[in-house]
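Since the structure comes first, as structure tokens, the remarks are kept for the end.
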Amino acid sequence: MTGAINHPDIIEPNGTIGILGGGQLARMLGTAAAELGLKCHIFCPDERAPAYDIAAQTTIASYTDEKALAAFAAAVDVITYEFENVPADSVAYLTSLGAKVRPGAKALETSQDRLVEKQFINEIGAKTAAFHPVDDLESLKTGLQNVGRPAILKTRRLGYDGKGQTRIKTAEADLSAAYEKAIAFAWEEVGAAPSILEGFVPFEREISVIGARTSEGDIQLYDPAENVHRDGILKTSTVPANITDATANNARAITTKMLQELDYVGVMGVEFFVLKDGSLIVNEYAPRVHNSGHWTQDACAISQFEQHIRAVAGWPLGDPRRHSNAVMENLIGNEAHNWRELANEPNTGLHLYGKREARAGRKMGHVTRITKS
Ligand SMILES: Nc1ncnc2c1ncn2[C@@H]1O[C@H](COP(=O)(O)OP(=O)(O)O)[C@@H](O)[C@H]1O
Ligand SMILES: [Mg+2]
């Protein structure tokens, strides 16, 4: 086994990719790695996790367990992650041992805090929703005056799938009891945690771009997908998105700039709001493979998962062009119980995550229906 100290820049077949996190994204990354003759080692605190099924090695330990992290670093050739809430200190520790962590600390840390993320997006010249940092009821009131209503209050850290956020709709006069009640409720909803208040964006549609960059600076982008959310969770991603070429090119340009400015290595997903006039507002980015890129498994020669493995292993990127149009639909909770009917559908890729319990709101799998482009 290659030690962490003398990491090769290029991980050859039979090398090992270490993945922090054991969910469905790690499972699909590991499967893609196996297709390239690479092995994966999953590090995850859960006793049971979807990615263990496909892993050559597993470590079940806390992300802050330094002994376990050191052994992991020594056992793998490169380290990546499937979720953005890996503690920054753990990544710093792994890096101090000589391990290569891709994408790097800047991309991870910027995405972990919605305030820092929005500042970064504005700094590179892209637009965000109006925002205001909120640390107490006073700053929430000031924020409402600044960003207007309706507004969305989101925790700065640890939100996902619409969790950790709440809408403030009240249009009452500023001193009315209804107003006081609404803001106290919202503040309670986010657990009185450091938050950010965002102006509500009256978007026409939501799109995302999945992009990849190598350590040498090569960049490849998939076509923008159009995304529909239900109850805060992604429901469908459709390609092509119903947008003009100008909007698509702008989304590509912003994604490219973000990849470059973050000195990014790997696959990234960028979420945008499209306004009526076709202009774009960046919502957020994920420093990892992204649910809205699952369609690439069935509609492209090289999926986002393989693309990510190629990038972090120092391989050339693959061709991101689509050979088909596609609609990816998430199977949430009980929806995966239909697996037999779905398996019978023509031109439909079925992907199940091997989770035992179909809890409400839990992503159990997805299908991608392809048609000729
Ligand atoms: N400022 C906003 N204006 C309008 N809709 C928003 C805004 N922020 C979030 N949303 C809606 O909520 C969804 C989830 O919010 P997001 O910030 O992406 O959080 P998560 O990290 O949970 O994905 C978005 O995809 C969008 O549909
Ligand atoms: Mg989102």
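The values are calculated or read from the model by the stated rules, or taken from the named source; none is laboratory data. Remember, it's a predicted structure, so these values are computed and weren't measured experimentally. Glycine also receives a Cβ, built like all others from the backbone with ideal geometry; neighbour counts cover every protein chain displayed. Surface accessibility is based on the protein's heavy atoms, side chains included, excluding ligands, DNA and RNA. Shrake-Rupley method; radii C 1.70, N 1.55, O 1.52, S 1.80 Å.
Working from Cα positions, state the angle (0 to 90°, nearest 10) between the long axis of helix 245-261 and the longest principal axis of the chain.
The helix 245-261 is inclined about 70 degrees to the chain.
At 1.4 Å probe size, what's the solvent-accessible area of Phe120? Round to the nearest 10 Å².
10 Å²
Counting only the heavy atoms of the protein chains, how much of Ser237 is accessible to a 1.4 Å probe, in Å² to the nearest 10?
Roll a 1.4 Å probe over it and Ser237 shows about 0 Å².
For the Cα atoms of the chain, what angle does the longest principal axis make with the long axis of helix 177-189, in degrees from 0 to 90, nearest 10?
It is inclined by approximately 10 degrees.
Given 20 Å bins starting at zero, what is the percent of C-alpha pairs of the chain in each, up to the one with the largest pair distance?
Bins of 20 Å from zero give 28, 58, 14, 0 percent of pairs.
Helix 66-75 against the longest principal axis of the chain: what's the angle in degrees, Cα atoms only, rounded to the nearest 10?
50 degrees
Please report the accessible area of His351 (heavy atoms, 1.4 Å probe, ligands and nucleic acids excluded) in Å², nearest 10.
40 Å²
For every helix of n ≥ 4 consecutive DSSP H residues, a contribution of -39,500 (n - 2.57) applies; sum these over the chain, divide by its total residues, and give [θ] at 222 nm rounded to the nearest 500 deg cm²/dmol. Don't skip to the end; give the middle numbers.
Working: 11 runs with 109 residues, N = 373.
Estimated from H runs of four or more residues: -8500 deg cm²/dmol.
Stretched out fully, how many nm does the piece from Glu123 to Thr64 gain, at 0.36 nm a residue minus the Cα gap?
Values: separation 59, 0.36 × 59 = 21.24 nm, distance 3.20 nm.
The Glu123-Thr64 span can extend by a further 18.0 nm.
Holding the Cα-Cα limit at 27 Å, pick out from Lys106/Lys127; Lys39/Lys372; Lys67/Lys100; Lys127/Lys235 the pairs that are longer than that.
With Cα atoms farther than 27 Å apart: Lys39/Lys372.
The stretch 14-96: which GluC sites (Glu not before Pro) are DSSP loop and have at most 15 other beta-carbon atoms within 10 angstrom? Intermediate results must be reported in sequence, preceding the final value.
Details: sites: Glu35, Glu47, Glu66, Glu82, Glu84; in loops: Glu47, Glu82, Glu84.
Those that pass, being in a loop and sparsely packed, are Glu47.
Just the number please: accessible area per residue for the stretch 16-101, 1.4 Å probe, all protein chains included, in Å².
On the way: 3120 Å² over 86 residues.
Here the residues of the stretch 16-101 average 36 Å² of exposed surface.
Counting only protein heavy atoms, what percent of the accessible surface of the chain is carbon or sulfur at a 1.4 Å probe?
Working: 8010 of 16410 Å².
Whole-percent figure for carbon plus sulfur exposure: 49.
Below 14 Å, Cα to Cα, which aspartates and glutamates can Lys181 reach? Residues fewer than 8 away in the same chain don't count.
Leaving aside aspartates and glutamates fewer than 8 places away in the same chain, those within reach of Lys181 are Glu138, Glu172, Glu189.
Can you tell me how much longer the chain between Asp319 and Ala92 gets when fully stretched, taken as 0.36 nm per residue apart minus their C-alpha distance, in nm with one decimal?
Result for the pair: 78.5 nm of gain on full extension.
Using the basic label-point model (7 angstrom from Cα toward the beta carbon), what is the Phe200 to Arg149 distance in nanometres?
In this crude label model, Phe200 to Arg149 measures out at 1.0 nm.
Rank these by accessible area, largest first, 1.4 Å probe: Asp89, Asp135. Don't skip to the answer; put the middle values down first.
Numbers: Asp89 130, Asp135 90 Å².
Sorted by accessible area, descending: Asp89, Asp135.
Which one of Gln260, His351, Thr59 has its Cα pushed farthest toward the positive end of the charge dipole of the chain, where Lys and Arg give +1 and Asp and Glu give -1 at the Cβ?
Highest projection toward the positive end goes to His351.
Along Cα→Cβ, 7 Å out, is where each label goes; now give me the distance between the ones at Glu345 and Asp9 in nm to one decimal.
4.5 nm
How far apart, in nm, are two points set 7 Å out from the Cα along the Cα-to-Cβ line at Val116 and at Ser373?
Here the answer is 3.6 nm between the modelled labels.
For Arg213, Arg340, write out the residues from largest to smallest accessible area, computed with a 1.4 angstrom probe and no ligands counted. Could the numbers behind the result be given before it?
Working: Arg213 25, Arg340 165 Å².
Largest accessible area first, the residues go Arg340, Arg213.
Determine, from the Cβ-Cβ distance of Glu35 and Ser139 and an R0 of 45 Å, the FRET efficiency 1/(1 + (r/R0)^6), rounded to the nearest 0.05.
Numbers: r = 50 Å, r/R0 = 1.10.
It comes out at approximately 0.35.
Placing +1 at every Lys and Arg Cβ and -1 at every Asp and Glu Cβ, with all other atoms neutral, what dipole size does the chain have around its Cα centre, in debye to the nearest 20? Could you put the intermediate results ahead of the total?
Details: 38 positive and 47 negative charges, 117 e Å.
So the dipole magnitude of the chain works out to roughly 560 debye.
Let me have the relative contact order for the chain, percent, based on Cα pairs under 8 Å that are six or more residues apart. If you can, show how the numbers build up before the last one.
Working: 842 pairs, mean separation 54.3, N = 373.
Relative contact order, the chain: 15 percent.
Would you mind calculating the gained length between Arg48 and Glu357 on full extension (0.36 nm times residue separation, minus the Cα-Cα distance), in nm to one decimal? Present the calculation step by step, with values, prior to reporting the outcome.
On the way: separation 309, 0.36 × 309 = 111.24 nm, distance 1.14 nm.
Once the chain is fully extended between Arg48 and Glu357, it gains 110.1 nm.
Determine the dipole magnitude for the stretch 130-199: charges of +1 sit on the beta-carbon of Lys and Arg, -1 on that of Asp and Glu, nothing else is charged, the reference point is the Cα centre, and the result goes in debye to the nearest 20. Can you show the working numbers first?
On the way: 9 positive and 10 negative charges, 52 e Å.
Charge dipole of the stretch 130-199: 260 debye, to the nearest 20.
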